[in-house]
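Everything below concerns the one structure shown next.
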Amino acid sequence: MDAMVLPVSSRKKNSKAEVIDWQLPSACNSICNGQIHIWRINLDASNLNAETLSVLSSDELARADRIVIPKKRQRFLAGRVSLREIIALYIENPAGKIEFKYLQNGKPVLADTEFANRFQFNISHSEHWMVMAITAKMPVGIDIEMIRGVSAKSWTIKHHFSERDREAFRNLNESFQDREFIAAWTMKEATAKTTGDGLALSNKNTHFFGDQNSSLTTGQFKIFEKQPFWCIRFIPVAGYFGVAAAKMSEKPGVVFWDFKLAKPQIPS
């Protein structure tokens with residue numbers, strides 16, 4: 001069955017909140033120009049064994065070995081396997097044959113030029129949740145953050161946000177500051193990852209605090225324009241904010257996918 005793509009309405013900066021329809025992946029996923037696919041992965045619900053881990057490269061396994069904390073090592077492995085398995089759905093290539101290279105800023109891309117010209121992707125993690133965004137050719141970034149207390153938010157806003165944002169933050173009720181900071185931060189991170197510039201070079205004149213931030217509830221999303229990006233703010237699970245951003249000229253269609261790294265069936 002084809003995935004349900006949420007319709008592209010008339011060009012409008014502020015859209016109403018809509019309900020996320022998390023879909024299970026098909027055997028082969030396809031993506032059209034003007035679409036953003038957003039994936040959600042629960043890293044703690046992933047089943048890892050020798051067969052699932054066999055798709056990883058020696059470099060990925062070596063990186064995992066250097067992670068001292070077992071739970072973090074497990075999540076890293078689950079994330080890398082999930083990344084490979086999801087990309088394999090699009091390029092119809094075995095997950096273990098996929099190769100990556102890393103840009104100067106550390107952003108991963110597909111090493112195969114043909115595939116890299118057809119697909120752009122980005123990933124983000126927070127605790128046991130991972131999200132991934134995929135587009136056809138268009139630069140994309142994504143970020144997820146757990147809503148929590150942030151001790152360094154005042155310093156971060158002073159050094160990484162615009163004067164307009166600093167003023168907006170100062171005017172917030174203290175009880176809302178952490179939530180609004182996380183909401184603004186996810187959008188800034190996602191747009192910075194889209195360009196590949198990183199936070200140090202991201203545009204400090206862009207406004208990230210506003211009514212697009214915390215007005216959503218769990219399981220909702222909204223699409224809005226923040227030139228030169230189209231952004232999708234979404235609440236993947238309770239207690240988290242997510243934002244995907246892509247450089248597109250028109251409002252994108254969006255499909256939400258729920259990926260589960262299940263234990264392979266062993267023939268009897």
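All of the numbers you see were taken from the coordinates with simple rules; none came from a lab. Because the structure is a prediction, the values reported are computed rather than measured. Counting neighbours? That spans all protein chains shown, and the Cβs are built from the backbone with ideal geometry, glycine included.
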* Asked: Under unit Cβ charges (Lys, Arg +1; Asp, Glu -1), what dipole magnitude, rounded to 20 debye, does the chain have relative to its Cα centre?
  -> 480 debye
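Around W185, with a cut-off of 13 angstrom between Cβ atoms, what is the net charge of the other residues, counting Lys and Arg +1 and Asp and Glu -1? Working shown, then result.
On the way: positive: R148, K153, R179, K188, K193, R233; negative: D143, E145, D165, D178, E180, E189.
Within the 13 Å Cβ shell, the charges total 0.
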* Structure fact -> For A95, the net charge from surrounding residues (Cβ-Cβ under 9 Å; K, R +1; D, E -1) works out to +1
* Structure fact -> By Cβ neighbour count within 10 Å, fewest first, H37, H128, H159, H207 rank H159, H207, H128, H37
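Cβ neighbours within 10 Å, averaged per peptide: list 130-141, 83-94, 100-111, 230-241 in order, most packed at the top. Mind showing how you got there, number by number?
Details: 130-141: 22.3, 83-94: 18.2, 100-111: 12.9, 230-241: 20.7.
Result, highest mean Cβ count within 10 Å first: 130-141, 230-241, 83-94, 100-111.
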* Beyond 19 Å, what share of the Cα-Cα pairs of the stretch 11-130 remains, rounded to the nearest whole percent? -> 54 percent
* For the stretch 103-168, with +1 on Lys and Arg beta carbons and -1 on Asp and Glu, the positive-most of V131, S162, I142 along the dipole -> S162
* Structure fact -> In this structure, among K71/K222; K193/K260; K72/K251; K158/K193; K16/K226; K71/K137, pairs with alpha-carbon gaps over 27 Å are K71/K222; K72/K251; K71/K137
